[in-house]
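Enquirer: Take this structure, written in structure tokens, and hold onto it; I'll ask about it next.
The values are calculated or read from the model by the stated rules, or taken from the named source; none is laboratory data. Being a predicted model, the structure only gives us computed values, none of them experimental. Note: ideal-geometry Cβ built from the backbone for every residue, glycine included; neighbour counts use all protein chains shown. Calculation scope for accessible area: heavy atoms of the full protein, side chains included, ligands and nucleic acids excluded. Shrake-Rupley method; radii C 1.70, N 1.55, O 1.52, S 1.80 Å.
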Amino acid sequence: MLCAADRYLDASFVQDSKMSSLDATRAELGLVVLYLNKAEARDKICRAIQYGSKFISNGQPGTAQNVDRSTTLARKVFRLLKWVNDLHALISPPAKGTPLTLVLLGKSKNALLSTFLFLDQFVWAGRSGIIKNKEGTDRVARLSLYCWMASSVCAGLVELGELKRLSKSMRKLARELRDTDKYENEQYLSKMRQSDERLLALVKAAMDVVVAIGLLQLAPKKVTPRVTGAFGLITSLISCYQQLPSRAPAAKVKA
């Protein structure tokens, strides 16, 4: 009887383990589905392919360059009417307590990015053959890239300003928590996470400026197609990471 009971308990334990493993797998796949259902995430994956191909081709004809060009054109379809998002952000009121300088920089970034995305629609129409004016399309493409470069500069300055504000508030909070462990304080940990996110966004904005310089060929000897591809690939991977869905915090086990 005891042996039978032991076998029953072992079978139940194995079944529960399989179910918990299946539930975990289902949860992980659910996060993947949630991620891939986002148009922005798919766009950034295509962007990584685009700049990875540019890095491999180094501007030389071949399969990698063909992938670069076809992916560049395909990505423009993802961005149709996307300029409305930044237009909405442009006319939305800023967060309370934001310094005027950061407000102006943020609104400038929104205006420039919205203009870039708006003009990019005409670039897509020209490159796909809808508009039969190659010279006009090339001029609009350069103008749109200048807008994107300027918006990246503004984005970097905004992140610098916000990092300075966060650093100041963290120092103030650390002084208030000097008698306790600040790393156990949820507010302090939240500010640390915000600081890390903004630092990553600053790195991405700075690297995107280099990518824009490469695409505009403003410094062809230093910012070669391979350099442009490498920087673009890194910023694409950062964007893919930023689009990851947030996980629910694990429950704390009480002793």
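Enquirer: Test each condition in (1) exposed (fewer than 15 other Cβ atoms within 10 Å of the Cβ); (2) at pLDDT 90 or above; (3) under 23 Å from the mean Cα position of the chain (by Cα) for ALA39 and report the one that comes out false.
Expert: Going through the list (1) exposed (fewer than 15 other Cβ atoms within 10 Å of the Cβ); (2) at pLDDT 90 or above; (3) under 23 Å from the mean Cα position of the chain (by Cα), ALA39 breaks only (2).
Enquirer: Ok, one more. When the residues of the stretch 165-179 are filtered to those that are among the small types (Gly, Ala, Ser) and within 29 Å of the chain's Cα centre (by Cα), which remaining residue is farthest from ALA95 (Cα to Cα)?
Expert: Let us first name the residues in the stretch 165-179 that are among the small types (Gly, Ala, Ser), namely 167, 169, 174.
From what is left, the residues that are within 29 Å of the chain's Cα centre (by Cα) are 167, 169.
Details: SER167: 18, SER169: 16 Å.
So, considering only residues that are among the small types (Gly, Ala, Ser) and within 29 Å of the chain's Cα centre (by Cα), the one farthest from ALA95 (Cα to Cα) is SER167.
Enquirer: Please work out if LEU87 is surrounded by fewer than 18 Cβ atoms within 10 Å (Cβ to Cβ), part of a helix (DSSP H, G or I) and free of Cβ contacts under 8 Å to residues at least 40 places away in the same chain. Give the derivation first.
Expert: Details: surrounded by fewer than 18 Cβ atoms within 10 Å (Cβ to Cβ): yes; part of a helix (DSSP H, G or I): yes; free of Cβ contacts under 8 Å to residues at least 40 places away in the same chain: yes.
The answer is yes for LEU87.
Enquirer: Is the stretch 23-32 home to any residue that is open to solvent by less than 80 Å² (accessible area, probe 1.4 Å), closer than 19 Å to LEU237 by Cα, modelled with pLDDT of 80 or more and assigned to a helix (DSSP H, G or I)?
Expert: Yes, the stretch 23-32 contains a residue that is open to solvent by less than 80 Å² (accessible area, probe 1.4 Å), closer than 19 Å to LEU237 by Cα, modelled with pLDDT of 80 or more and assigned to a helix (DSSP H, G or I).
Enquirer: Follow-up. Mind listing whichever residues of the stretch 81-100 are touching a helix residue (DSSP H, G or I) at 6+ places or on another chain (Cβ under 6 Å) and either among the basic types (Lys, Arg) or closer than 14 Å to ARG42 by Cα (or both)? Can you show your working first?
Expert: The first filter runs over the stretch 81-100 and keeps only residues touching a helix residue (DSSP H, G or I) at 6+ places or on another chain (Cβ under 6 Å), leaving 82-83, 86-87, 89-90, 94.
Within the stretch 81-100, LYS82 is the sole residue that qualifies.
Enquirer: Would you check which residues across the stretch 180-229 are part of a helix (DSSP H, G or I), surrounded by fewer than 19 Cβ atoms within 10 Å (Cβ to Cβ), over 15 Å from the mean Cα position of the chain (by Cα) and among the small types (Gly, Ala, Ser) and list them?
Expert: Correct list: SER190, SER195.
Enquirer: Moving on to the next point. Report, ordered by the first and then the second residue, all pairs with beta carbons closer than 6 Å, sequence separation of six or more or different chains, a first member in the stretch 178-207 that is touching a residue at least 12 places away in the same chain (Cβ under 8 Å), and a second member that is of a type in the set (Gly, Ala, Ser).
Expert: LEU202/GLY156; ALA205/SER152; ALA205/ALA155; ALA205/GLY156; ALA206/GLY156
Enquirer: Something else about it: If you check SER108, SER151, which single one turns out to be touching a Lys or Arg at 6+ places or on another chain (Cβ under 6 Å) and either open to solvent by less than 20 Å² (accessible area, probe 1.4 Å) or within 14 Å of ASP86 (Cα to Cα) (or both)? Talk me through it step by step, then tell me what you get.
Expert: Working: SER108 fails: touching a Lys or Arg at 6+ places or on another chain (Cβ under 6 Å).
Every option except SER151 fails the conditions.
Enquirer: Among the candidates GLY52, GLY97, GLY59, GLY129, which residue alone is open to solvent by less than 80 Å² (accessible area, probe 1.4 Å), part of a loop (DSSP other than H, G, I, E, B) and within 25 Å of VAL223 (Cβ to Cβ)? First the steps, then the outcome.
Expert: Working: GLY52 fails: part of a loop (DSSP other than H, G, I, E, B); GLY97 fails: within 25 Å of VAL223 (Cβ to Cβ); GLY129 fails: within 25 Å of VAL223 (Cβ to Cβ).
Result: GLY59 is the single residue among GLY52, GLY97, GLY59, GLY129 that is open to solvent by less than 80 Å² (accessible area, probe 1.4 Å), part of a loop (DSSP other than H, G, I, E, B) and within 25 Å of VAL223 (Cβ to Cβ).
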